[in-house]
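Data first, discussion second: the structure below is written as structure tokens.
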Amino acid sequence: MNEKISDQKIVRHYLDRLESAILETKNKYGKLINLIAYNILCSKDDADECENDTYLNVWNSIPPNEPENLKAYCLRISRNLAIKRYRYNSAQKRDNSKQLSLEKIMEECGDIFLERNNVSDENEIKIIINKFLMELPLKKERYLC
């Protein structure tokens, strides 16, 4: 039944501020909206969030907009939201692809962290660090903490 509803009727529901328009949009284009986001983000959770944000953006933009092609309108919003999320997720400081997991770090250098037998090495390191800190100008020393 909802698959047969026309885009013009759904847009009319948005213009009339009927919340059923969101459900009608979800029933008609939800899978496609989610697929567009998933193909960009490769994350089901992020794609689901983009899908929900798409419905919110469509709700907030109709009116004043009155799209002739609701499918293209929704997919463009979904794509733009997914690209924005992708850029956010892959920003240099948040890019998970360049981070090592704690397990991988422990696998590679766990013995360094776990081996506490050599107290003389630890004391040597403390002496070197303290010497370095004492040589720093006062301004730089403050920011080291």
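Taken together, the values in this text are just the output of simple stated rules run on the coordinates, not laboratory data. Worth saying up front: this structure is predicted, and the values here are computed from it rather than measured. Here Cβ is always computed from backbone atoms with ideal geometry, including for glycine, and neighbour counts include all displayed protein chains.
Quick look at the numbers
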quantity: Residues being more than 13 Å from I10 (Cα to Cα) and among the charged types (D, E, K, R) - total across the range 64-82; calculated: 2
quantity: Total residues in the range 1-45, condition over 18 Å from R76 (Cβ atoms) and in contact with a helix residue (DSSP H, G or I) (Cβ under 7 Å, 6 or more places away or on another chain); calculated: 8
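Condition check ((1) under 20 Å from the mean Cα position of the chain (by Cα); (2) in contact (Cβ under 8 Å) with a residue 24 or more places away in the chain) across all residues:
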| residue | (1), (2) |
| --- | --- |
| D7 | no, yes |
| Y14 | no, yes |
| D45 | yes, no |
| C50 | yes, yes |
| A72 | no, no |
